[in-house]
Amino acid sequence: MIFIPLQEGIYKMEYQHYYLVTGASSGIGFASALVLAQNKRNKVIAIARNTTKLESLRQASENKIGILPFDLEKGNLTALVDDLKKKGVNHLTGVIHNAGYLVSKKFEEISIQDLQKIYEVNVFAPFRLTQHLLPLLKKAKGAHIVNISSVGGIQGSVKFDGLSAYSSSKGALCVLTECLANELKDEKIKVNCLALGAVQTEMLHQAFPGYEAPLKANEMGEFVAWFTENGSKFFNGKILPVALSTP
Ligand SMILES: NC(=O)c1ccc[n+]([C@@H]2O[C@H](COP(=O)([O-])OP(=O)(O)OC[C@H]3O[C@@H](n4cnc5c(N)ncnc54)[C@H](OP(=O)(O)O)[C@@H]3O)[C@@H](O)[C@H]2O)c1
């Protein structure tokens, strides 16, 4: 946080860095938002549908995190950006496109509704939200967009039964990362993708009931938050596997 002098003795408080985290009501997004908010220079805005869980996040952060209940599948993105501005967000240093949706079903049983919802949340939302956030990202003069994908979305990785819609959507997010890193380079916006391995969360439990992941959400959240703040110094347009297994 910095203090901008308005007139002698009167100062306006302003955060140096604004970060937006989607899917922050649970799991990796919840943990990443909390870690980012520990830095006094940062103001974190958290997005998800579940208001009760977002309230828990705000409380866990001792009211440092701003919450914006929003459905990335159906919500109005223009209204979302207006709400961000009303919350005082005048630039965005970083966005973590972390929200994700998974359906585990045999290929022939996946309905058009399943497919549409998976692609809406995992691909269309990061695509369209980034379009709407561009004016704020440009103002940061060095913003970092971090897309959260999966090792299952990387070419040549081991694939699992039931995840054709989910893993193919995560593959689309990987390639979108490379396209945006190229297209936004003149705006000094860096774009990277973290292709995560197994982390113990609700989503993992849904996909692989009974499987115990080697990492907890708070451990991965530490890494994602660190990478969002620091990774753009070292990487741009990269799809980085963050996994203990060999893809
Ligand atoms: N856990 C793993 O092993 C693993 C591995 C690879 C990749 N990932 C990726 O990591 C990311 C985080 O997943 P997680 O494991 O932490 O799972 P999680 O705990 O189930 O979190 C998913 C988040 O996405 C949000 N979300 C889903 N649909 C949404 C919508 N329509 N609008 C807004 N928010 C929505 C959920 O919030 P609401 O329900 O409140 O809306 C929730 O906060 C996902 O992109 C996932 O694909 C996870």
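Conditions (1) under 30 Å from PRO209 (Cβ atoms); (2) crowded, with 20+ Cβ neighbours inside 10 Å, marked per residue:
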| position | (1), (2) |
| --- | --- |
| ASN76 | no, no |
| ASN98 | yes, yes |
| TYR101 | yes, no |
| SER104 | yes, no |
| ILE118 | yes, yes |
| ASN122 | yes, yes |
| ARG128 | no, no |
Worksheet, complete the sentence: Cβ pairs under 8 Å, 6+ apart or interchain, first in segment 9-28 and at pLDDT 95 or above, second open to solvent by 20 Å² or more (accessible area, probe 1.4 Å) and in a strand (DSSP E or B), ordered by first then second residue, are HIS17/LYS43; TYR18/LYS43; TYR19/LYS43
Discussion item. Residues that are within 12 Å of the ligand (Cβ to nearest atom) and small (Gly, Ala, Ser), at least 2 per element: which strands (runs of 3 or more DSSP E) completely within segment 4-112 meet that?
Written reply: 42-48
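Only one residue in GLU212, GLU222 is at negative phi, away from the ligand (no atom under 13 Å from the Cβ) and out of contact with any Gly (no Cβ under 6 Å at 6 or more places or on another chain). Which one? Write out each step before concluding.
Numbers: GLU212 fails: away from the ligand (no atom under 13 Å from the Cβ).
Sole residue among the options that is at negative phi, away from the ligand (no atom under 13 Å from the Cβ) and out of contact with any Gly (no Cβ under 6 Å at 6 or more places or on another chain): GLU222.
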Item to complete: Give the number of residues within segment 48-66 that are without any contact (Cβ under 8 Å) to a residue 24 or more places away in the chain and within 18 Å of the chain's Cα centre (by Cα).
Response: 3
Discussion item. Checking the structure you have, find out if any residue of segment 78-92 is within 23 Å of MET203 (Cα to Cα) and of a type outside the set (Phe, Trp, Tyr).
Written reply: no
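The values are calculated or read from the model by the stated rules, or taken from the named source; none is laboratory data. Keep in mind that this is a model prediction, so the values were computed, not measured. Heads up, the Cβs are rebuilt from the backbone with ideal geometry, glycines too, and the neighbour counts pull from every protein chain shown. Surface areas here come from the heavy atoms of the whole protein model, side chains and all, with no ligands, DNA or RNA. Shrake-Rupley method; radii C 1.70, N 1.55, O 1.52, S 1.80 Å.
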